[in-house]
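Step one of this worksheet: look at the structure below.
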């Protein structure tokens with residue numbers, strides 16, 4: 001999992017990755033405002049015993065985020081032990097953190113690809129209920145611990161979606177970037193704008209607008225792969241951005257093999273244009289415009305001639321004009337508000 005997301009390995013190559021022994025650490029810088037020090041802790045009984053005995057303080061002190069991975073294929077006779085280890089980890093996390101500190105716990109129920117497709121929703125709900133029931137008393141007495149649960153598999157887009165949500169929630173002020181993306185989408189008349197972290201290509205922000213320029217907010221249905229854009233008569237995969245993440249990372253790997261470097265991409269289809277460009281030092285942006293509903297104004301330079309059809313080159317110009325604005329937004333993640341110019 002860590003190799004795919006942070007070391008840019010393909011899913012197929014992970015069969016050669018050895019199991020985590022004891023603790024493996026990795027430092028990452030995401031944007032300018034988030035430094036991650038990942039501790040990948042092996043999950044065998046001997047290692048868990050070590051973490052929860054003489055290494056407890058060393059492992060859990062100063063932790064702000066716990067990502068705990070459950071295996072959906074764990075047999076019933078071992079599931080109780082798995083829940084017991086998780087409970088003890090939460091107890092240690094609570095013990096070595098202050099009551100005023102906000103702690104985030106992300107639960108990943110992994111290997112969902114090994115469950116029959118029609119049984120996935122019910123299997124996930126059942127396992128999630130078992131997990132939360134086992135720690136209900138502990139969590140009710142720890143208001144500073146926030147928990148979320150996602151289903152994952154290394155063989156589909158669910159892994160990217162889960163990690164994108166995790167990283168977005170860890171950003172100090174992701175709402176500022178979301179507002180900036182919506183402002184950019186409205187001004188450049190885009191249908192969708194997606195922000196990717198540059199090294200991992202995880203989605204760290206996105207906005208989808210209807211024809212009136214209002215943001216479309218969706219309640220995700222875990223039983224369906226699709227969402228609808230009401231006034232555009234569109235049915236879209238809720239994993240579309242994560243699929244793009246995987247495709248771009250695979251394409252970048254192919255470019256590297258032939259001593260080439262990926263920089264940007266443009267697509268012009270019957271009903272839409274799409275441009276993927278570097279935005280800031282730490283991000284890429286994907287801008288999609290609907291060819292059936294185009295005003296064609298250029299961002300922050302609306303006095304320029306409007307065209308009936310925004311070509312990829314015009315979208316590219318919009319992105320380049322917006323770079324200074326997004327650099328300021330990124331720099332103020334921890335600081336105050338930023339005003340569009």
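The values are calculated or read from the model by the stated rules, or taken from the named source; none is laboratory data. Values in this document were obtained by computation on a predicted structure and should not be read as measured data. Backbone-built Cβ (ideal geometry, glycine too); neighbour counts: all protein chains shown.
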Next on the checklist: Which numbered condition in (1) at pLDDT 70 or above; (2) in contact with a strand residue (DSSP E or B) (Cβ under 9 Å, 6 or more places away or on another chain); (3) surrounded by 15 or more Cβ atoms within 10 Å (Cβ to Cβ); (4) within 27 Å of residue 127 (Cα to Cα) is the only one that residue 74 fails?
Outcome noted: (2)
Item to check | helices (runs of 4 or more DSSP H) completely within segment 123-229 that count 2 or more residues being crowded, with 17+ Cβ neighbours inside 10 Å | outcome: 158-170, 174-187
Checklist entry - Which residues, taken from segment 122-166, are touching a residue at least 60 places away in the same chain (Cβ under 8 Å) and more than 19 Å from residue 79 (Cβ to Cβ)? => result 154, 155, 156, 157, 158, 159, 160, 161, 163, 164, 166
Next on the checklist: Please verify whether residue 252 is assigned by TED's automatic domain parsing to the domain that holds residue 204, touching a residue at least 60 places away in the same chain (Cβ under 8 Å) and surrounded by fewer than 17 Cβ atoms within 10 Å (Cβ to Cβ), treating the condition exactly as stated.
Outcome noted: yes
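From the list 119, 113, exactly one residue is under 29 Å from residue 246 (Cα atoms), surrounded by fewer than 13 Cβ atoms within 10 Å (Cβ to Cβ), modelled with pLDDT of 90 or more and assigned by TED's automatic domain parsing to the domain that holds residue 64. Which is it? Walk me through how you get there before you give the answer.
Values: 113 fails: surrounded by fewer than 13 Cβ atoms within 10 Å (Cβ to Cβ).
From the options 119, 113, the qualifying one is 119.
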Next on the checklist: Looking only at segment 107-117, how many residues end up being outside any loop (DSSP other than H, G, I, E, B) and out of contact with any strand residue (DSSP E or B) (no Cβ under 6 Å at 6 or more places or on another chain)?
Outcome noted: 3
Checklist entry - So residue 188 clears everything in (1) farther than 28 Å from residue 201 by Cβ; (2) not assigned by TED's automatic domain parsing to the domain that holds residue 55 except one condition, right? Which one? => result (1)
Item to check | Residue check, residue 156 out of contact with any strand residue (DSSP E or B) (no Cβ under 9 Å at 6 or more places or on another chain) and within 29 Å of residue 113 (Cα to Cα) | outcome: yes
